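Down below is the structure, laid out as structure tokens.
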Amino acid sequence: MKLARYRVAGRTAIGVVQGDQVIDIDALDPAAPGTIRELLALGVEGRRRIADALRDRPAGHPLSSVKLLAPIPDAQKYMAIGMNYHDHAEEARKGGMKVPEHQLWFNKQVSCINGPYDPIWKPRVSDKLDYEAELGVVIGKRCRYVSVEDAPKVVGGYFVANDVTARDWQFKSPTFTLGKSFDSHGPIGPWITTADEVADPHDLLMQLWVNGELRQKTSTGGMIYNVWQQIHELSQVMTLEPGDLIATGTCAGVGIVLGKFLQPGDVVKVEIEGLGHIENKVEPEPA
């Protein structure tokens with residue numbers, strides 16, 4: 001099931017994407033909650049009621065007639081792991097960076113969350129704006145101390161992410177948080193694909209283009225620490241809540257290595273097999 005948040009006819013709604021249509025959740029289940037975060041928290045039973053209603057084929061809106069929004073704008077946490085692909089860790093090492101011996105985590109402050117097709121702002125205070133294609137994970141069940149074996153049970157779904165980074169701010173601090181958290185630097189979407197539709201999150205083709213030029217291409221199987229290990233690690237420290245977001249790392253080909261930073265007018269597209277794509281134009285930060 002693909003769960004989208006969108007604006008249509010002057011109102012904001014959530015719905016299920018089927019083909020080139022999106023069907024309002026309230027038309028499928030009037031008792032359903034009004035946010036994707038709350039819907040995921042209902043678990044399998046909540047999704048089953050909606051799936052049953054879809055069999056009646058209710059009318060929907062053409063996707064071309066709606067504006068897709070960030071599917072989960074109200075996450076409590078957005079955690080991201082650094083240097084988690086073998087090829088990216090190798091290019092970082094060659095560039096003189098120390099490769100971490102353990103999982104390297106940082107926050108993307110939730111105020112950075114952005115729509116799947118909304119502009120990315122080039123900050124007035126940064127000249128080193130970069131991209132990072134990433135598989136996103138959304139937690140679907142409140143949990144703590146999750147074993148690696150049980151981690152799949154707490155995943156609500158997956159999404160496409162671009163971990164946009166101001167590199168000069170990333171490296172001026174011992175932690176990456178400031179360089180990862182500028183407003184608009186967390187585009188996610190285009191919807192949440194529920195976990196039951198993804199047979200193996202470690203066997204997906206992930207690609208990123210800038211102005212049509214392919215910059216990143218990999219299988220998500222290239223992770224050093226897989227999704228289940230990441231959830232296990234985080235849950236040792238904090239309670240994970242439905243709607244919490246995790247960016248699972250990027251592969252080789254980032255702009256800082258290529259010497260190609262993003263500029264106003266550039267268009268960045270990230271696509272992950274089975275999950276759709278997001279596409280964002282870089283614009284100067286508004287006054």
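The values are calculated or read from the model by the stated rules, or taken from the named source; none is laboratory data. Everything quoted here is computed from the prediction, not taken from an experiment. Virtual Cβ from ideal backbone geometry, glycine too; neighbours counted across all protein chains shown. The accessibility values were calculated without ligands, DNA or RNA, using every heavy atom of the protein model including side chains. Shrake-Rupley method; radii C 1.70, N 1.55, O 1.52, S 1.80 Å.
Defining a contact as two alpha carbons under 8 Å apart and six or more residues distant in sequence, what relative contact order in percent does the chain show?
Relative contact order of the chain: 25 percent.
Enumerate by residue number the GluC sites (Glu not before Pro) in the range 106-214 meeting two conditions: DSSP loop (anything except H, G, I, E, B), and at most 11 other Cβ atoms within 10 Å of the site's Cβ.
In loop regions of the range 106-214 (DSSP not H, G, I, E or B), the sparsely surrounded GluC sites (Glu not before Pro) are Glu149.
In nm, to one decimal, how far is the Lys153 label point from the Glu283 one, both placed 7 Å along Cα→Cβ?
4.6 nm
Which of the trypsin sites (Lys or Arg not before Pro) found in the range 159-252 are loop residues per DSSP with 14 or fewer other Cβ atoms within 10 Å of their Cβ?
Loop-located and lightly packed - Lys172.
With the crude spin-label approximation of a point 7 Å out along Cα→Cβ, what separation in nm comes out for Glu38 versus Tyr117?
Placing both labels 7 Å along Cα→Cβ, they lie 2.7 nm apart.
Ignoring ligands, DNA and RNA, what percent of the 1.4 Å accessible area of the chain is carbon and sulfur?
50 percent
May I ask for the angle, rounded to the nearest 10°, between helix 43-54 and the longest principal axis of the chain, with both axes built from Cα atoms and the value confined to 0 to 90°?
The answer is roughly 60 degrees.
Using Cα pairs under 8 angstrom and six or more residues apart, how large is the relative contact order of the range 8-154, in percent?
It comes to 21 percent, rounded to a whole number.
To two decimal places, what compactness ratio does the chain give when its Cα radius of gyration is scaled by 2.2 N^0.38 Å?
Dividing the Cα Rg of the chain by 2.2 N^0.38 Å gives 0.97.
Just to make sure I understand: if all protein chains stay in place, what is the order of Leu135, Leu104, Leu54 by accessible area at 1.4 Å, largest first?
I get Leu104, Leu54, Leu135, largest accessible area first.
Return the whole-Å distance between the Cα centroid of the range 221-270 and the Cα centroid of the range 17-68.
28 Å
With a 1.4 Å probe and every protein chain left in place, work out the accessible area per residue of the chain in Å², rounded to a whole number.
43 Å²
Can you list residues from other chains, or at least 5 along the same chain, whose modelled amide H is less than 5 Å from the amide H of Met83?
Residues meeting the amide H criterion: Thr250.
When you count, for each residue, the other Cβ atoms within 10 Å and take the mean per peptide, how do 110-117, 6-13 rank with the highest first?
Final packing ranking: 110-117, 6-13.
Hey, got a sec? Which GluC sites (Glu not before Pro) in the range 15-122 land in a DSSP loop and have at most 11 other Cβ atoms within 10 Å?
Glu101
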